[in-house]
Amino acid sequence: MASTIAHAKSEWDTLHHNGPFPLKTLYITELEGEGNLPDKFARYADAAQEIQRLIQETKNAHQGFRAYGSRWSMNHIASHHDRMHYNGFMNMHIPTFDTDLHANSNFSADNIFFFQCGNTIKRVSEVLSAHGKSLKTSGASNGQTIAGCISTGVHGSGLDVGSVQDYVVGLNIITGPDPQDNIYLEPASKPALNDAFAQKVSGRIVRDDEIFKAALVSLGSFGFIHGVVIEAEDRFLLNRYVQKIPKKLALELSTTMDFANSGFSIPQELDSNGKPNRPYHYKVFINPYSKETDYVVEVMYKKPYQTPYPDPFPIIKESIYRDLIYVFIKIAEKFPKSIPWLIKRLRKTILPLNDLERVVTGTLPEIFWDAPYQGAAFACSFGVDHKDSAKALQVLTDLTVNEGPIPGIFAMRFVKQSEATMAFTKFPITCMLEIDGVLWKPNRRIMSLNQYGKRMIEELKKHNIPFAIHWGKNADWDNPGLVEHMFDAASIKSWQKSRAALLSPEMQELFSNHFLSDIKLKDQTTAPVIDPADPIT
């Protein structure tokens, strides 16, 4: 049987020390050994029963429950002051075959994979690579769990791909302690797995487009995500280039996305007519304190997988561009005096010139590799329509310089629109405008992080720039009317109604937390729960 150790705790913190937050009990569950229970479906079902036992235990204690993985989020979205569950040891992978596909499925069985919640992106990529497959996109690094990624809407920089949740095709969610509360959920319009497979991993099957889209970015509050079904693709290579280009050109590309007719080109990346190819990934680095006339841009182009190719790791390991937080740590190590001294250094260029001409070729998990820094850090990230990207950048950099200084560097990444109801990548092409840096202590010269988050929201509103904030990043989350400003009323209502369709009022309360209260989504909805007597919806 799966076994759980319950640790009495007083607090819990994120990976980047954005807490600590209060906690009473920490659960850590380990699966039954494969030697004792070799059948994967039996081991998976055994783990589900253990999670339901913990939910019942929490319910009996009149407390709340929250699952977490790698602690990657930089706010309290993953925390609960009562009971939390660490998912990292729940890392099974169950193969799927042609016989497991739904009769109406248009998927290729070779591309469908079933992962338990605690698998990290790194582990998922290892499994896929062994099958000659790849994720379609990932975040900037690989330490997050697959369930954590989709719960907060983790994105990459795929112009035509989307975010992590956008290649999820099915979910196994535990919504309570009873047998009918173990649900396999997928969209009715695009089913992936058949009833026979779904019944092996769940107690009830729900096929509903609206509920599925709402559950994709659930903020951890739709229940315990136990399993995730993804659609992978054939393994591919990325050619990565880092160049300095004029600011005007970088911003023109950001607002138009018209690479074919732009003044930017890389000689190796032209089509048969000599026009620049459209990149897979486009990212702009901005030092708000520098008066330089150029920006550093990172572009990647997708290529068919073939071997051999040069080992990418010697350059990837040294690359300062992979992680903006790492930029700050390196400078802080060299100039450890104080944050003001660091800001002073930022007025000159800090991005190394000797990295600009090196080309890296590698697979997606090789390019987006391990995060080099896991210490105290902050990250704010606003999604805006790419057409507003230059205007939004100007607004936020002016704020940062004039009312700061703030110890951070900006970047812009560009992501295809998500179908998830509460995805912050909600624009046709969303520009994710990010500022990453080291945590600081406020004083008379530097405002607090909370105040900075508030002022960014105020300034974007003042300049009539629509936005949505990354659910896993730092922000003024209890800002009045924030979610109502970011999302239309129909989306909010649909998300709340879908949550109520899966969870009873009692379970809605159990799976709520302070984050949900702060953003005013905790209020229970009285929509009817899906009838447990009807096993297939």
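The values are calculated or read from the model by the stated rules, or taken from the named source; none is laboratory data. Owing to the predicted nature of the structure, the values given are computational and were not obtained by experimental measurement. For neighbour counting, all protein chains shown are included, and Cβ atoms are generated from backbone atoms with ideal geometry for every residue, glycine included. With ligands, DNA and RNA removed, areas are computed over all heavy atoms of the protein, side chains included. Shrake-Rupley method; radii C 1.70, N 1.55, O 1.52, S 1.80 Å.
What the table shows:
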{"item": "Helical mean residue ellipticity (222 nm; -39500 (n - 2.57) per DSSP H run of 4+; nearest 500) of the chain", "result": "-8000 deg cm²/dmol"}
{"item": "Equivalent ellipsoid semi-axes, the chain, via Cα gyration tensor eigenvalues times 5, rooted, Å", "result": "37, 28, 22"}
{"item": "Length-normalised contact order of segment 1-111 in % [C-alpha pairs under 8 Å, at least 6 apart]", "result": "29 percent"}
{"item": "Efficiency of FRET from Cβ geometry, ASN402 and HIS17, R₀ 25 Å, rounded to 0.05", "result": "0.35"}
{"item": "Gyration tensor verdict on segment 443-508 (Cα atoms; rounded if a/c is under 1.5, prolate if a/b is larger than b/c, oblate otherwise)", "result": "oblate"}
{"item": "Accessible surface of segment 1-53, 1.4 Å probe, proportion on carbon and sulfur as whole %", "result": "53 percent"}
{"item": "For the chain: relative contact order, % (alpha-carbon pairs under 8 angstrom, 6 or more apart)", "result": "17 percent"}
{"item": "Separation in nanometres of the label points that stand 7 Å from Cα toward Cβ, at SER504 and ASP258", "result": "5.9 nm"}
{"item": "Solvent-accessible area per residue, Å², over the chain with all protein chains present [probe radius 1.4 Å]", "result": "39 Å²"}
{"item": "Zone of LYS303's modelled label, taken as backbone nitrogen in segment 230-256 under 18 Å from a point 7 Å along Cα→Cβ", "result": "234-243"}
{"item": "Accessible surface of segment 367-424, 1.4 Å probe, proportion on carbon and sulfur as whole %", "result": "42 percent"}
{"item": "Label-point separation, ASN464 to SER272 (7 Å along Cα→Cβ), nm", "result": "4.6 nm"}
{"item": "Lysines whose Cα lies under 24 Å from that of LYS303, excluding same-chain neighbours fewer than 8 positions away", "result": "LYS122, LYS133, LYS136, LYS244, LYS275, LYS283, LYS317, LYS416"}
{"item": "Separation in nanometres of the label points that stand 7 Å from Cα toward Cβ, at ALA42 and ALA6", "result": "2.8 nm"}
